[in-house]
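> Input: one structure, supplied below.
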Amino acid sequence: MELSEFKENVFDGQFLVNDLHKAVESNDCERLCQLIEAGHSVNREGIDLIRPLHEACFRGHQECVRILLENGAEVNARNIDGATPLCDAASSGHLDIVQLLLDRGAYVNPPLLLTSPLHEATLRDKWETVEVLAAAGANLNASDCHFGTPLHVAACQGSIKCSKSLLRAGANVNAIKSLNTPLHEAAHRQDLPLILLLLACGADATARNNNGLRPHDLVPSSTHPAKRALLQWESQPRDLRHCCRLEIRRCIGAKRLKCVPELPLPKLLQEYLDFRWDI
């Protein structure tokens, strides 16, 4: 943008909120088309480098998204925080828009991003969006600068549904962030259902964080059910069924776990491998 144009836009307020953004915000598709036909750029940046496509994705205005994309909107544009339109759609849980963006070439794993669409969806407890992104090849074990992996996020939030979706897709249950595993996060919350879920999926109850603490050390009360469950899991060996399932899933590999329902196996065995039992 030329300096003279910048000054003009600041003076009339268009740099902060221009007409294109207003049309998207109000979901006025007719006005949006008129502005585009009049020569307004669909990639014009507003405050914090937010473009009309970011706005439409966040608000769930699918027709506006389609119009913008068909008229040259950059599907992987970044705002001042580095977030792409897919991050906005994922955080709001707008599945149709998420799929539309992916179909139009949105990066499911945007490079050089401090977070990811999968982190955003998990942070807002949008488990259906988590499953769509995982199926599209999202990096299940990418670590952001705040929480760690998406499974750490789910554990911090106490999100059972997101945790199940991530684990079934092949997320590393023992991933570390400052040597804290998702089980450490769940123990810190004293969240018994989440603790039992992580343990059933292979979480290491003996793992120590950077302070040398095991998950049970983070539960202060000796009588709390979460404390007892963690101590019991440490002291008792797992049964053969549990060990076999984890080993088979390890051999299949995280990238192919989404194909488990398509394997030529009895449905009962498919459900067993896909954690449809016990969790």
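The values are calculated or read from the model by the stated rules, or taken from the named source; none is laboratory data. Predicted model only: the values in this text are computed from it and were never measured. Every residue, glycine among them, receives a Cβ derived from its backbone with ideal geometry; neighbour counts consider all protein chains shown.
> Where in the stretch 147-264 are there helices (runs of 4 or more DSSP H), lying wholly inside it, with at least 2 residues that are touching a Phe, Trp or Tyr at 6+ places or on another chain (Cβ under 7 Å)?
Because the criterion is at least 2 residues that are touching a Phe, Trp or Tyr at 6+ places or on another chain (Cβ under 7 Å), the helices (runs of 4 or more DSSP H) in the stretch 147-264 that meet it are 150-157, 160-169.
> Next question, about the same structure. Among the residues of the stretch 141-154, count how many are surrounded by 20 or more Cβ atoms within 10 Å (Cβ to Cβ) and over 16 Å from residue 275 (Cβ atoms).
Counting residues in the stretch 141-154 that are surrounded by 20 or more Cβ atoms within 10 Å (Cβ to Cβ) and over 16 Å from residue 275 (Cβ atoms) gives 6.
> Ok, one more. Check off (1) assigned to a helix (DSSP H, G or I); (2) farther than 25 Å from residue 103 by Cβ; (3) at pLDDT below 90 for residue 1 and give me the number that stays unchecked.
The one condition residue 1 does not meet is (1).
> Which pairs do you get when a residue that is in the same structural domain as residue 69 (by TED's automatic domain parsing) and free of Cβ contacts under 8 Å to residues at least 40 places away in the same chain, found in the stretch 27-39, comes within reach of a residue that is of a type in the set (Asp, Glu) and surrounded by 15 or more Cβ atoms within 10 Å (Cβ to Cβ), reach meaning Cβ atoms under 9 angstrom, with the pair 6+ apart or on two chains?
31/19; 35/19
> Sticking with this one: What single numbered condition from (1) at pLDDT below 95; (2) more than 28 Å from residue 145 (Cβ to Cβ) fails to hold for residue 62?
The failed condition is (1).
> Could you list, in sequence order, all residues of the stretch 70-109 that are surrounded by fewer than 20 Cβ atoms within 10 Å (Cβ to Cβ) and under 15 Å from the mean Cα position of the chain (by Cα)?
92, 93, 95, 99, 107, 109
> Ok, one more. Take the conditions at pLDDT below 95, within 27 Å of residue 115 (Cβ to Cβ) and of a type outside the set (Asp, Glu) and apply them to residue 154. Does it pass?
no
> Restrict the check to the stretch 166-175 and report whether at least one residue is within 16 Å of residue 145 (Cα to Cα), more than 15 Å from the chain's Cα centre (by Cα) and in the same structural domain as residue 129 (by TED's automatic domain parsing).
yes
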